[in-house]
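Undergrad: I am attaching a structure below and will ask some questions about it afterwards.
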2 protein chains.
Amino acid sequence: MISQVVKPAQVLVLAGTHGNERNGPWLLEHWRRQPEALQRHGLEVALVLGNPAAYTANQRYLERDLNRCFSPELLADSSRNEADLQRARQLLTCHGPDAESPSVVVLDLHSTTSAMGNSVVLYGRRPADLALAAGLQAELGLPIYLHEADASQTGFLVERWPCGLVIEVGPVPQGVIQAQICRQSKLGVEAALAVLAAAQRGCLKLPDELVVHCHLVSLDLPRHPDGSPSACLHQALQHRDWRPLRAGDPVFMDHCGKEIGLSLPSDLAGESVWPVFINEAAYGEKGIALSLTRRQSWQVGAEWLPALGAIAFQLV
Amino acid sequence: MISQVVKPAQVLVLAGTHGNERNGPWLLEHWRRQPEALQRHGLEVALVLGNPAAYTANQRYLERDLNRCFSPELLADSSRNEADLQRARQLLTCHGPDAESPSVVVLDLHSTTSAMGNSVVLYGRRPADLALAAGLQAELGLPIYLHEADASQTGFLVERWPCGLVIEVGPVPQGVIQAQICRQSKLGVEAALAVLAAAQRGCLKLPDELVVHCHLVSLDLPRHPDGSPSACLHQALQHRDWRPLRAGDPVFMDHCGKEIGLSLPSDLAGESVWPVFINEAAYGEKGIALSLTRRQSWQVGAEWLPALGAIAFQLV
């Protein structure tokens with residue numbers, strides 16, 4: 001009888017998945033020189049620069065956004081060989097759940113020009129991700145953006161690991177390191193490791209509720225027939241991520257100074273919506289001026305903690 | 001006897017000299033649709049996108065920083081043909097002081113990731129520039145950075161026109177349009193036109209004093225032997241442009257969290273210095289983490305107003 005050997009797994013901490021988000025890579029260097037805070041919980045952590053070529057070029061990506069390269073179809077399409085897609089395959093080969101030294105949890109560090117503060121982005125409703133996010137929210141109070149059901153954006157990195165989330169911090173310009181942004185990212189990662197270690201030891205306690213901001217829709221700038229923007233974000237909305245909006249609230253302003261109010265579909269009329277990623281520099285090319293979410297309080301599911309525990313149990 | 005005909009000249013308003021500074025170009029579009037505020041003073045204004053190719057690419061420049069291309073040597077060097085240098089020559093051919101439709105004053109709109117607020121940058125001490133800046137400071141209270149005697153940075157655009165200055169507004173990330181940044185730039189340009197129109201009519205009154213921040217030195221980040229930064233800007237200095245510093249004040253923080261204090265040459269020990277362009281994203285590649293200035297109050301020179309008047313008299 002052959003017993004299956006489960007390889008001891010690592011926690012993958014990725015930074016610089018977008019090459020012009022420089023605060024995460026700065027933190028990697030900090031932890032390499034001062035590893036105590038990472039080692040405190042006894043977990044083995046792999047510190048990896050997400051897209052070294054884009055980092056060297058100080059660009060978000062070279063040919064294709066690395067954090068949109070992880071759809072199974074793209075990864076398997078042997079006719080596609082953009083540099084960033086090759087890097088996606090390499091990350092999975094070296095640090096994926098089936099790698100020689102596997103990682104089963106990934107923490108992907110991002111920064112944004114939007115005033116997201118210190119926040120968490122989840123992709124879908126996997127119980128282990130929700131448990132990790134709930135633990136983080138209990139520890140630090142971080143707001144959570146649940147990005148789901150958005151056909152226009154797919155192929156996110158964390159989806160290819162059994163458990164993972166994005167720690168998203170801002171506002172900070174692209175290409176700039178700010179000590180406060182680094183510190184917030186550091187708090188997020190160290191708290192996530194504490195949650196994972198508690199889950200591994202079987203002593204993690206989750207709160208009763210999780211507050212999530214569920215993706216509804218993304219809004220593009222109004223545009224001229226030639227595709228150029230005919231309006232910019234309204235000043236009243238700048239740096240107001242996570243603050244509720246209602247139909248009619250000013251969102252854009254055209255070249256003549258005319259305000260354009262928020263228009264909501266009839267099923268949302270009268271409700272509040274919560275904006276995220278307001279005026280993120282990199283989303284212009286994606287046609288996203290901001291995204292709208294619905295804020296909800298969820299009962300923490302009975303299956304969340306066991307799901308995270310099963311994964312944490314595989315960690316070194 | 002042949003009398004020399006002086007061609008009626010324009011004021012050149014340039015935006016997007018750096019292609020990823022998007023607020024100025026937004027304003028150009030605003031003024032094209034709502035020209036009243038520009039036309040109010042009866043001056044003829046040429047609205048020009050500085051570096052259209054870099055703007056399309058949403059990059060600061062293509063091959064060479066356009067705002068470092070305007071040294072006479074570079075412009076005359078026929079062996080050099082970088083796209084941005086060709087654009088520099090084209091701007092002079094089409095809008096320079098000797099063009100078919102000449103401009104004799106240039107207002108060059110820039111934005112920065114540093115918290116410079118709404119400010120003016122001068123290059124050298126030309127009396128007409130100083131008069132225009134003094135008028136602007138009297139009107140709006142803008143702080144002035146006098147960038148001079150810096151061998152490491154030369155070839156600025158405004159130096160090739162008889163009179164000109166940079167209106168520099170921040171903080172704003174590269175690639176992002178923020179309504180407040182646009183409005184501040186707009187205020188600056190419209191006030192400059194009001195000053196020029198008053199000079200043209202001979203009714204400009206200058207204040208007695210001009211407060212200027214004169215360039216002393218630029219500081220690079222501390223670096224490892226391999227050239228990579230060994231420290232980042234200290235958090236206490238972020239967004240503190242124009243606030244005085246003294247020797248010993250924290251300026252950098254290394255990977256281990258150790259503070260590095262400001263070290264000043266002996267002739268400045270005991271003095272205050274005023275920092276500008278703190279943590280500007282585009283200056284990383286230039287090895288500039290911030291620049292230090294000395295704040296001075298100058299008596300307005302008797303020759304300033306006539307110098308500006310002589311130029312303004314050539315305006316349409």
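Undergrad: With viscosity set to 1.567 mPa s at 4 °C, what whole-number translational diffusion coefficient in µm²/s follows for the protein assembly as shown from Stokes-Einstein and a Kirkwood radius over Cα pairs? Before the final figure, lay out the partial values.
TA: Details: Rh = 26.7 Å.
Approximately 49 µm²/s, per Stokes-Einstein.
Undergrad: If neighbour count is taken as other Cβ atoms inside 10 Å, put A:H110, A:H239 in order from fewest to most.
TA: Numbers: A:H110 25, A:H239 14.
Arranged by neighbour count, lowest to highest, A:H110, A:H239 become A:H239, A:H110.
Undergrad: Oh, and also: In chain B, if the dipole is taken from +1 on Lys/Arg beta carbons and -1 on Asp/Glu beta carbons about the Cα centre, which of B:V11, B:A149, B:P225 is farthest to the positive end?
TA: Highest projection toward the positive end goes to B:V11.
Undergrad: In whole Å, largest first, what are the principal axis extents of the Cα atoms in chain A?
TA: Each principal axis gives a Cα extent; for chain A these are 73, 44, 40 Å.
Undergrad: From the label point of A:P244, set 7 Å from Cα along Cα→Cβ, how far away are the matching label points in the other copies, in nm, ordered shortest to longest?
TA: 4.8
Undergrad: If I model a spin label at B:E285 and B:V217 as a point 7 Å from the Cα along the Cα→Cβ vector, what separation in nanometres do I get?
TA: Each label point is offset 7 Å from its Cα along the Cβ direction, giving 2.7 nm.
Undergrad: Label position 7 Å from Cα toward Cβ: report the copy-to-copy distances for B:S228 in nm, one decimal, ordered from shortest.
TA: 4.2
Undergrad: I've got another one for you. Give the relative contact order (percent, whole number) for chain A; include only Cα pairs under 8 Å separated by 6+ residues. Provide the component values of the computation, followed by the final result.
TA: Details: 685 pairs, mean separation 66.9, N = 316.
Across chain A, relative contact order equals 21 percent.
Undergrad: Nearest-to-axis residue of chain B, judged by Cβ, for the B-to-A rotation, with distance in whole Å?
TA: Chain B residue with minimal Cβ-axis distance: B:P173, 2.
Undergrad: A further question follows. Roughly how many nanometres apart are two label points built 7 Å out from the Cα toward the Cβ at A:T56 and B:S79?
TA: 2.9
Undergrad: Next question. Return the long-range amide H neighbours of B:L262 (sequence gap of 5 or more, or a different chain), with a cut-off of under 5 Å between placed amide H atoms.
TA: Counting only residues 5 or more places away or on other chains, the set is B:G248, B:D249, B:V251.
Undergrad: Note down the magnitude of the dipole of chain A about its Cα centre, charges +1 on Lys and Arg C-beta and -1 on Asp and Glu C-beta and zero elsewhere, to the nearest 20 debye.
TA: On the way: 26 positive and 33 negative charges, 124 e Å.
Using only the charged Cβ atoms, the result is roughly 600 debye.
Undergrad: How far, in nm to one decimal, is A:S152 from itself in the other copies if the label point is set 7 angstrom along Cα toward Cβ? Shortest first, please.
TA: 4.3
Undergrad: In square nanometres, what is the average projected area of the Cα convex hull of region A:219-290? Don't jump to the answer; show the numbers that get you there.
TA: Numbers: hull surface 20.1 nm².
Dividing the Cα hull surface by four gives the mean projection, 5.0 nm².
Undergrad: While we're here: Give the residues of region A:238-264 whose amide nitrogen is closer than 17 Å to a point set 7 Å from the Cα of B:R32 in the direction of its Cβ.
TA: What the label zone holds, given the 17 Å backbone N cut-off, is A:254-257.
Undergrad: As a quick test, which of the pairs A:K7/A:K186; B:K205/B:K286; A:K186/A:K258; A:K286/B:K258; B:K186/B:K258 have an alpha carbon distance above 30 angstrom in this structure?
TA: B:K205/B:K286; A:K186/A:K258; A:K286/B:K258; B:K186/B:K258
Undergrad: What whole number of Å gives the distance from the Cα centroid of region A:239-316 to the Cα centroid of region A:132-204?
TA: Comparing the Cα centres of region A:132-204 and region A:239-316, I get a distance of 16 Å.
Undergrad: So, one more: Can you work out the FRET efficiency for the pair B:S101 and B:S272, with r the C-beta to C-beta distance and R0 = 45 Å, to the nearest 0.05? Each step should come with its number before you reach the end.
TA: Numbers: r = 46 Å, r/R0 = 1.03.
That pair, B:S101 with B:S272, gives E of 0.45.
Undergrad: With a cap of 15 neighbouring Cβ atoms within 10 Å, and only residues DSSP puts in a loop, list the GluC sites (Glu not before Pro) found in region A:252-302.
TA: On the way: sites: A:E259, A:E271, A:E280, A:E285; in loops: A:E271, A:E280, A:E285.
Loop-located and lightly packed - A:E271, A:E285.
No lab work stands behind these numbers, since they all come straight from the coordinates. For clarity, every value in this text was computed on a predicted model and none was experimentally measured. Using ideal geometry, Cβ is built from the backbone for each residue, glycine included, and neighbour counts are taken over all protein chains shown.
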